[in-house]
Amino acid sequence: MATERAKRQLAAIVSIDVTGFSRLMGADEEGTLASLKKLHKTIIAPQVSRHHGRIVKLMGDGAIVLFSSVVDAVASAMEIQREMPAFNEKVIPEKKLALRVGINMGDVILEGKDVFGDGVNVAARIQEVCTPGGVALSGTAYEHVAGKIEADFTDAGERELKNITRKVRIFRWTNTHVAAQSRNLALPDKPSIAILPFDNMSSDPDQEYFADGVVEGLTAALSRIRSFFVIARNSAFAYKGRHMNVIDIGRELGVGYVLEGSVQRAGGQLRITVQLIETTGGAHLWAEKYDGKDTELFDLQDRITEQVAGAMQPSIQKAEIERAMRKRPHDMGAYDYAMRAIGHVWLQDKVQSSTALGLLNQALEIDPDYPLALALSAWCWAQHSVYNWSEDIEAAKTRALALAEKAAGLSSDDPLILSVLGVVHTFARNYGTARILLERAIKLDPNSAWALSRLGWLEVYADKPEAAFQHFEHAMRLSPLDPMNFNNLVGIASAHQVAGDYATASDLFQRALLERPNAHWIHRNLAPALLAAGRVEEAEASRDAMMKAYPGMTTKRYREAMVFSPAALEKITAYMLKLGIPQ
């Protein structure tokens, strides 16, 4: 007997959810249920019917609704959200209902009165990253309504959704009236984060103290990063034992990110899991697991604190850049221009650096005393000097120093700004001043991978390769996903070159070039290192690549730009001369 084929159809799937349902039920179960019944009867059901939809599944805190038209689905969802302020008008704030709505276009399977399929799952996950009072659409659904509904949709980018294998592009509509009512605290003009209490997944309740210790250590470590706004421990611990949506927590605390985690102990082993989440959409940005023996409790806690603090900086920075990129130019301030610039700054490429300077100039036109924009501009001009991108190397150094000193004068205890000033003094060969500044930056923020990296370079220039190795390796351990790690490889290679280990130096220079092929300035050291290692053909190929990127390169210009010791410069330029580089 043939099995009955499942009934499939293409549909617009709407997933509706009540924000903070568990909290509402815990506070007033009967009142919440009565409000939900009233909401369904007076708003949701009439609007669904008016727009030719069909409610196929009711849950305690939401519903799944099918429409044959995406336009009808979106119009229905927007009307429901527009009616919510009137519904809540006479309700005390603690009992107000707020809805999140996710919409997707996809194939569904109908079975009796239920509905299944990947399209339904995606709609439910989109609803989870919707802001309360708004409507979120998949890219597929948005294509069907673009230009057909009078509403502004914001492109929130591609998102990783829970249990969905592919990234999904999200578009958002915000009910401005609801948003104005519901937002408790505005986000500051800097990355803002709360480290939430970690869950104790162990059967041993005594592990609570260890979980709390990890959170306290992370809070203290991140608070030292001046470019972050970190919620105090007491405010974050108010959420201990309360399982709330991170979007709601973000609104209540006024933060753009939260760090969640858990602790599990079994069989003499510990596992700590942490994940970084963006609160505006609920997107998971970064996650990691840390394992160790339970006899290493406090060592493990220190290691986690160090590595999480280091790894979060580039993760959050990337998210901040993406957020700034989604803004319209007329909505952008000095901070947004700096965030757009910063991605170009770290690429250490001539064209990218010039692009960054253009954006930073726009930031400084808005706020001439903005320390971050001043410091990043100084670093760009320092790059122009050390990478032979400027016709007048000394003028580039002078400009870099002036910008860095102005930034430091405005913000003298910011580790990033102190690091930039240290770098500029390094390139000006003021090594003593540079060391004081970089060591001060690291004292203020022991997790500053970039300050450690620049201190590594300072040791290279001082002919102290062993000390340099330690700083570079520490920087890479702190921030394993950092886009600047190719530069750490160049630093380690340079330390080997100074030590006379030309074979290892050559391999590391080449590895750095594989990670950043456009960093043509690496050939200035790779070519002589290869020749010193006896790899003549590779050295000549590297020389040709260097001369193509730098047609006017001479050993004199190389000496003007580079900051190696006189002894190291003598050795390197001797090999450059053998390769036919003009004097």
Could you tell me how many degrees, from 0 to 90 and to the nearest 10, lie between the Cα long axis of helix 431-444 and the main elongation axis, the longest principal axis, of the Cα atoms of the chain? 20
Taking amide H atoms as placed 1.01 Å from N in the peptide plane, list the residues 5 or more away in sequence, or in a different chain, whose amide H sits under 5 Å from that of Gly281. none
Listed residues Val423, Tyr502, Phe472: farthest to the positive end of the dipole of the stretch 372-503 (Cβ charges): Val423
The lysines whose Cα lies under 24 Å from the Cα of Lys162, excluding any fewer than 8 residues away in the same chain, are Lys57, Lys240, Lys289, Lys318
Stretch gain in nm, segment Ser565-Thr398, where the contour uses 0.36 nm per residue and the Cα spacing is subtracted: 58.0 nm
Can you bin the stretch 327-437 into rounded, prolate or oblate? Criterion: square roots of the alpha carbon gyration tensor eigenvalues sorted a ≥ b ≥ c, rounded for a/c under 1.5, prolate for a/b above b/c, oblate for the rest. oblate
What is the order of Cys130, Cys380, fewest Cβ neighbours within 10 Å to most? Cys380, Cys130
Helix-derived [θ] at 222 nm for the chain: sum -39500 (n - 2.57) over DSSP H runs of at least 4, divide by residue count, nearest 500? -17000 deg cm²/dmol
Let me spell out the model: positive unit charges on the Cβ of Lys and Arg, negative unit charges on the Cβ of Asp and Glu, origin at the Cα centre of the stretch 7-182. What dipole size does that give, in debye rounded to 20? 200
Computed label-point distance, nm, for sites Ala146 and Glu208 using a 7 Å Cα→Cβ extension: 5.2
Anchor Lys397: lysines whose Cα lies under 16 Å away (excluding residues fewer than 8 positions away in-chain): Lys350, Lys406
Give the average over all directions of the projected area of the C-alpha convex hull of the stretch 7-182, one decimal, in nm². 9.9
Under Karplus coefficients 6.51, -1.76 and 1.60, residue-wise ³J(HN,Hα) of the stretch 548-562 in Hz, glycine/proline x: 5, 6, 10, x, x, 5, 9, 5, 5, 5, 4, 5, 5, 7, 7
In nm, what is the difference between 0.36 nm times the number of residues separating Glu391 and Ala266 and their Cα-Cα distance? 38.7 nm
The residues Ser411, Ser377, sorted from fewest to most surrounding Cβ atoms within 10 Å, come out as Ser411, Ser377
Run the numbers for Val91 and Lys57: contour at 0.36 nm per residue of separation, minus the present Cα-Cα distance, in nm. 9.5 nm
Placing +1 on the Cβ of each Lys and Arg and -1 on the Cβ of each Asp and Glu in the chain, which of Gln307, Leu259, Trp457 has its Cα farthest towards the positive end of the resulting dipole? Leu259
In whole Hz, what ³J(HN,Hα) sequence does the stretch 127-140 give by Karplus (6.51, -1.76, 1.60; θ = phi - 60°), x for Gly and Pro? 4, 5, 9, 7, 6, x, x, x, 9, 10, 10, 6, x, 4
Within the chain, what is the longest stretch that has no GluC sites (Glu not before Pro) placed in a DSSP loop and near at most 12 other beta-carbon atoms within 10 Å? 151-390
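Let me know the charge dipole size of the chain about its Cα centre in debye, to the nearest 20, where only the beta-carbon of Lys, Arg (+1) and Asp, Glu (-1) is charged.
With only Lys, Arg, Asp and Glu charged at Cβ, the dipole is about 1000 debye.
Let me make sure I get this right: for the stretch 439-502, a, b and c are the square roots of the gyration tensor eigenvalues over alpha carbons, sorted descending. Under 1.5 in a/c it's rounded, otherwise prolate if a/b > b/c, else oblate. Which is it? Write out the running numbers ahead of the final one.
Details: a/c = 2.61, a/b = 1.45, b/c = 1.79.
Oblate is the answer for the stretch 439-502, as a/c is 1.5 or above yet b/c matches or exceeds a/b.
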So how do Ile13, Ile581, Ile55 line up by other beta-carbon neighbours within 10 Å, fewest first? Ile55, Ile581, Ile13
So how far apart, in nm, are the two label points at Glu466 and Lys190 if each is 7 Å from Cα heading toward Cβ? 3.9
Give the aspartates and glutamates whose C-alpha is closer than 15 Å to that of Lys41, dropping any in the same chain fewer than 8 places away, or say none. Asp61, Glu79, Glu83
In the chain, taking the dipole from +1 charges on Lys and Arg beta carbons and -1 charges on Asp and Glu beta carbons about the Cα centre, the listed residue (Pro371, Gly409, Ala334) farthest towards the positive end is Ala334
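Taking the Cβ-Cβ separation of Thr295 and Glu473 as r and a Förster radius of 22 Å, what is the calculated FRET efficiency to the nearest 0.05?
Numbers: r = 26 Å, r/R0 = 1.17.
The value I calculate is 0.30.
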Ser354 versus Leu410, label points 7 Å from Cα toward the beta carbon: distance in nm? 2.6
Between Arg50 and Arg8, the FRET efficiency computed from the C-beta separation at R0 = 25 Å comes out, to the nearest 0.05, as 0.40
Modelled FRET efficiency - R0 30 Å, Leu514 with Ser22, Cβ distances, 0.05 increments: 0.05
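Every number here is computed from the coordinates shown, using simple stated rules; none is lab data. Computed from a prediction, not measured in an experiment: that's the story for all the values here. In this analysis, Cβ positions are derived from the backbone assuming ideal geometry, glycine residues included, and neighbour counts consider all displayed protein chains.
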